[in-house]
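The values are calculated or read from the model by the stated rules, or taken from the named source; none is laboratory data. Treat the numbers as computed from the prediction; the structure is a model and nothing was measured. Glycine also receives a Cβ, built like all others from the backbone with ideal geometry; neighbour counts cover every protein chain displayed. We work out accessible area using only protein heavy atoms, side chains counted, and drop any ligands, DNA or RNA first. Shrake-Rupley method; radii C 1.70, N 1.55, O 1.52, S 1.80 Å.
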Amino acid sequence: MKLADLDIIVTAPPAPGWGGRYWIIPKVTTDTGVVGYGECYASSVGPEVMKAVIRDVFERHMAGENPENIELMFRRVYSSGFTQRPDLTVIGAFSGLEIACWDILGKDRDRPVHALMGGRMNDRIRAYTYLYPRSSHPLPDFWSSPDMAAEVALDIVEKGYTAIKFDPAGPYTIRGGHMPSMHDISLSVAFCKAIREAVGDRADLLFGTHGQFSTGGAIRLGKAIAPFSPLWFEEPIPPDNPAQMAQVAAATGIPVATGERLTTKAEFAPILRGGAATILQPALGRSGGIWETKKIAAMAEVYNAQMAPHLYAGPVEWAANIQLAASIPNILMAETIETPFHDALIKGSITVEGGYIPVPTAPGLGIDFDEDLARAHPYTDDGLHLQMQEDPIGYHGVNSFAGGAPVKE
């Protein structure tokens, strides 16, 4: 069996667009007619350019190869152009293609992916979700309202979730890391207080940031929210400085989580060695794919660290996350986005039940991907999957962040 053909689907989730402006889905077909789907989480270039990168990676390093030879293809890509170092865009392209290879292998052998990489360790995976507004909540007011956030948190806990994420301390600016304003610190405390009062001890609080603070600023903010016992402080400073992140972890006493913007074991290893984080959040469509992330999980075991795969993407990456999570002993939880479009795109083949994700037993990734639906929602805009603002932080009021994607009518 050889990898023969590649098609790339770029689909745009309809309003409100949770999960980003678009999802890049490589479709790989073998010479025996087996089809596999993957997802690339690489947002530093636009989708048309990314499609060209994916095609180049496939044609140069993977076409004509047996899909079993994951390690060989990874080394070709990792070493391409005499680099032998992490490259966010190239490894992002390979990640989606690698996920598709696992989908092919599972379907060819009539086994779920986790059965091919160590077997099943976990029958269900603890899920967590971000606080998204109710349809009745006004925007952008929701993003700076502790009371509205608490209402949604209670809704989520009533559905069975035991962990909820929120990130009130914007903005997400190209000018990071910055010192948070006193307004943002006070609002963060108010969010933690309102949500903790609403859910009590029924759920863990996951305090999100996006690498936007200076080291001193992250420590100030972390100490302010520490009394509410958040389970994690997510990416409190830019992700390229593990030594400074370790200072934040030591000073705040809150477990630090990081990883959505990192790729390959080469970037995760310094995080573990330096004590910068005890919870790793790889995005499998960026981190190197399923096999590379399995290695990252194994490294984390040695440092007594846990895994919490990140998801701000579509349901194919979610399916890959669940297959990985099923096979490792140190899974903490997996991020989940529940929208009608996410569900419809995989025809309800993976679900959340009482706050947990039952591990699918169907072959491959365990999903029934609706290719016609994906193609019926093409991406026609020119924005990146996620975009950061250019304006600096303001110090005269709250700095709001619109939840990761604009509302589209």
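Some points to look at:
- Solvent-accessible heavy-atom area per residue, rounded to whole Å², over region 66-203 at 1.4 Å: 42 Å²
- Most positive-pole-ward Cα, 344, 355, 331, against dipole of region 283-384 from beta carbon charges: 331
- Under the Debye formula (equal points on every Cα, no solvent term), log10 I(q)/I(0) of region 287-409 at q = 0.15, 0.17, 0.18, 0.21 Å⁻¹: -0.87, -1.02, -1.08, -1.23
- Mean residue ellipticity (222 nm) of the chain, computed from DSSP H runs ≥ 4 via -39,500 (n - 2.57), nearest 500: -11000 deg cm²/dmol
- Estimated distance in nm for a label pair at residue 396 and residue 1, the labels positioned 7 Å out from Cα along Cα-to-Cβ: 6.3 nm
- Calculated from the alpha-carbon coordinates, region 1-156 shows an Rg and a Dmax of 19.3, 56 Å respectively.
- Full-extension gain in nm, residue 175 to residue 351, via 0.36 nm per residue minus C-alpha separation: 59.5 nm
- Burial order of peptide ranges 84-92, 324-332, 21-29 (average beta-carbon count within 10 Å, highest first): 21-29, 324-332, 84-92
- Label zone of residue 295 (point 7 Å out along Cα→Cβ, amide N under 18 Å): in region 46-78 this covers 61-62, 67-78.
- Of 201, 103, the residue with the largest accessible area leads and the full order is 201, 103 (1.4 Å probe).
- Along the axis of the charge dipole computed for the chain (Cβ charges of +1 for Lys and Arg, -1 for Asp and Glu, origin at the Cα centre), the listed residues 139, 226, 70 are led at the positive end by 226.
- Gyration tensor (alpha-carbon) shape descriptor, region 111-268, a/c threshold 1.5: oblate
- Spacing of the two label points (7 Å from each Cα toward its C-beta) at residue 193 and residue 251, in nm: 2.4 nm
- Cα-derived Rg to Rh of region 92-169, Kirkwood definition: 1.19
- Selected from 299, 256, 236, residue furthest toward positive end of dipole (region 229-312; charges at beta carbon): 299
- Straight-distance candidates among the lysines for linking to residue 223, with alpha-carbon spacing under 21 Å and chain neighbours fewer than 8 residues away dropped: 165, 193.
- Averaging the sequence gap over all C-alpha pairs within less than 8 Å and six or more residues apart, then dividing by the number of residues, gives region 1-136 a relative contact order of 26 percent.
- The relative contact order of the chain comes to 25 percent, based on Cα pairs under 8 Å that sit 6 or more residues apart.
- Close amide H pairs (under 5 Å, H built 1.01 Å from N) link residue 257 with 233, 234, 235, residues at least 5 positions away or on another chain.
- Separation of alpha-carbon centers, region 270-330 and region 114-129, rounded to whole Å: 12 Å
- Residue 278 accessible area, assembled protein chains, probe 1.4 Å, Å²: 70 Å²
- Placing +1 on the Cβ of every Lys and Arg and -1 on the Cβ of every Asp and Glu, with no other charges, gives region 285-409 a dipole of roughly 440 debye about its Cα centre.
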